[in-house]
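Asks: Dumping the structure here so I can ask a few things about it.
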Amino acid sequence: MFECWWQQDGFEAWHLRGDLRGASRRWQHRLHDELWLWINTSGEGVVWGKDHRIFLKDGLFGCFGGQEGEPWKWTRLPGHHEAEILIIPRDYLAANFSAAAAAKNTPFAKWLRGEQGMSFAGLSAREEKRLATLLGRGWNSKRMPAAVKRALDRWVERILGMDQALTPRASACGRKRTRSQVRKTKPISHQIQ
């Protein structure tokens, strides 16, 4: 189901393809100094770390980076799955975008500075779709093609520039609910036969 098809200088590119019948499937990986970008084309799943959780559905992307050595897990629910996954080393991001992130107080900028882990999800826009298309085609060279690097850099600039206070994070994804929120939840109606 997961296939790592390219590795170079701390970058990795993965394809996720397959069908799960009947039961979900779970994997675990210990994160190091890296950012994971999941561009989900089809299928549903959850990616989570110690303090973060991302729910991925069709057409969403998820981005997460933990503290050094933090274990992250991902579960895919039954159905057809397609996603492109790019692992980006923090060194590359810090070397190219630390000046832009220095003045920001966003979760991404804090992760880039090594202050905390972070996760967020969003609707795949033009940048994510372009990057997913380029990753889906693959390449045979050891170096990342210039078009992929440009698409990746545009994506990072977009993420640094967007208001991440409006993007869902672990605390906004319903993990914790107050007693009044639970009381106000309407029960699901069931058909009586």
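The values are calculated or read from the model by the stated rules, or taken from the named source; none is laboratory data. Not measured: the values here are computed from a predicted model. All Cβ positions, glycine included, derive from the backbone under ideal geometry; neighbour counts span all protein chains shown. Ligands, DNA and RNA are excluded from the accessible area calculation, which covers all protein heavy atoms including side chains. Shrake-Rupley method; radii C 1.70, N 1.55, O 1.52, S 1.80 Å.
Asks: Round to a whole angstrom and tell me the spacing of the C-alpha centers of region 3-75 and region 135-149.
Replies: 20 Å
Asks: Something else now. Rounded, prolate or oblate, given the Cα gyration tensor of region 13-154, with a/c below 1.5 counting as rounded?
Replies: Details: a/c = 1.82, a/b = 1.23, b/c = 1.48.
Since a/c reaches 1.5 but b/c is at least a/b, the shape of region 13-154 is classed as oblate.
Asks: Filter the trypsin sites (Lys or Arg not before Pro) in region 1-42 to those in DSSP coil with at most 15 other Cβ atoms within 10 Å of their Cβ, and list the result.
Replies: On the way: sites: Arg17, Arg21, Arg25, Arg26, Arg30; in loops: Arg21.
Answer by residue number: Arg21.
Asks: 5 Å is the cut-off here: which amide hydrogens, built 1.01 Å from N in the peptide plane, fall below it relative to Ser124, excluding neighbours closer than 5 in sequence?
Replies: The list, which skips near neighbours in sequence, is Leu60, Phe61.
Asks: Output the relative contact order of region 30-174, whole-number percent, from Cα pairs under 8 angstrom with separation of 6+ residues. Could you put the intermediate results ahead of the total?
Replies: Working: 257 pairs, mean separation 39.8, N = 145.
Reported as a whole number, the value is 27 percent.
Asks: Related question: Averaged per residue, what accessible area in Å² does region 6-75 show with a 1.4 Å probe, protein chains only? Each step should come with its number before you reach the end.
Replies: Values: 3360 Å² over 70 residues.
That works out to 48 Å² for each residue.
Asks: Multiply the residue gap between Thr75 and Arg143 by 0.36 nm, knock off their C-alpha separation, and tell me the result in nm, one decimal place. Please list the in-between numbers first.
Replies: Details: separation 68, 0.36 × 68 = 24.48 nm, distance 3.09 nm.
Residue separation times 0.36 nm, minus the Cα-Cα distance, leaves 21.4 nm.
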